[in-house]
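Encoded as structure tokens, the structure appears first; notes follow it.
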Amino acid sequence: MKFLLDTQIAIWVLIDDRRLSRRARAIVNDPQNQLLFSVLSIWEIAIKSRLRRPDFLYEPREIRRHLLEDGYEELPVLGTHAVLVDSLAPIHKDPFDRLLIAQTMVEGITLLTADATIAKYPGPIRKV
């Protein structure tokens, strides 16, 4: 199965954070699953680390390099992803998360998230 990791899950996987649930660990450790991260997540890390957000104090180049080295596939942001955002219900205000949701809908892949608000959207989203 194909899974897109939201930004927080991708960071937690890389730093082996204790907040990563057993369900999430099982999914990312299953060799049958195809795991992706979005270019959008790297952009989000770059912006929020520059703002000195304590939960995003990571070097975006290093995060990207480690994800690629660990076999994660990079998903580009396309115009078809961006235009779908305007049709999403205003459940979540974060523009990064809204675009991740749109990417999964367009691509037909499942978004892995720990965010309960994201999980309120219909579609291919799995809260772990």
Kindly evaluate ALA102 against the criterion of being touching a helix residue (DSSP H, G or I) at 6+ places or on another chain (Cβ under 6 Å), without any contact (Cβ under 8 Å) to a residue 60 or more places away in the chain, among the aliphatic types (A, V, I, L, M) and crowded, with 18+ Cβ neighbours inside 10 Å. yes
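Regarding the range 68-75, can at least one residue be identified that is farther than 17 Å from LEU14 by Cα and outside any helix (DSSP H, G or I)? Full working, then the answer.
Filtering the range 68-75 down to residues farther than 17 Å from LEU14 by Cα leaves 75.
Narrowing the set further to residues that are outside any helix (DSSP H, G or I) leaves 75.
Yes: one or more hits.
Kindly provide the set of residues from the range 71-87 that are exposed (fewer than 12 other Cβ atoms within 10 Å of the Cβ) and not aliphatic (A, V, I, L, M), ordered by number. Can you show your working first?
Here is the first cut: in the range 71-87, the residues exposed (fewer than 12 other Cβ atoms within 10 Å of the Cβ) are 71, 76, 79, 83, 86-87.
Answer for the range 71-87, where residues must be exposed (fewer than 12 other Cβ atoms within 10 Å of the Cβ) and not aliphatic (A, V, I, L, M): GLY71, PRO76, GLY79, ASP86, SER87.
Restricting to the range 1-29, count the residues that are hydroxyl-bearing (Ser, Thr, Tyr) and within 11 Å of the chain's Cα centre (by Cα).
From the range 1-29, those hydroxyl-bearing (Ser, Thr, Tyr) are 7, 21; that's our starting set.
Applying the additional criterion that residues be within 11 Å of the chain's Cα centre (by Cα) yields 7.
Total satisfying the criteria: 1.
Tell me, yes or no, whether the range 97-114 has at least one residue that is in contact with a Pro (Cβ under 6 Å, 6 or more places away or on another chain) and farther than 20 Å from ILE45 by Cβ.
Of the range 97-114, the ones in contact with a Pro (Cβ under 6 Å, 6 or more places away or on another chain) are 104, 110.
Still in the running and farther than 20 Å from ILE45 by Cβ: 110.
Checked the range 97-114: at least one residue is in contact with a Pro (Cβ under 6 Å, 6 or more places away or on another chain) and farther than 20 Å from ILE45 by Cβ.
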Taking the residues in the range 16-42 that are touching a residue at least 12 places away in the same chain (Cβ under 8 Å) and in a helix (DSSP H, G or I) as candidates, determine which candidate is farthest from MET105 (Cα to Cα). ARG23
Select from the range 11-42 the residues that are out of contact with any Ser or Thr (no Cβ under 7 Å at 6 or more places or on another chain) and small (Gly, Ala, Ser) and write down the one among them that is nearest to LEU67 (Cα to Cα). SER38
Criterion: aliphatic (A, V, I, L, M) and modelled with pLDDT under 95 - qualifying residue of ALA89, ALA102, ALA114: ALA89
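A quick yes/no check of all residues on (1) exposed (fewer than 12 other Cβ atoms within 10 Å of the Cβ); (2) of a type in the set (Val, Ile, Thr):
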residue: ASP16; (1), (2): yes, no
residue: ALA24; (1), (2): no, no
residue: ILE27; (1), (2): no, yes
residue: GLN34; (1), (2): no, no
residue: SER41; (1), (2): no, no
residue: ALA46; (1), (2): no, no
residue: ARG50; (1), (2): yes, no
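The values are calculated or read from the model by the stated rules, or taken from the named source; none is laboratory data. As the structure is a computational prediction, the values presented were derived from the model and not from experiment. We place every Cβ from the backbone using ideal geometry, glycine too, and count neighbours over all the protein chains shown.
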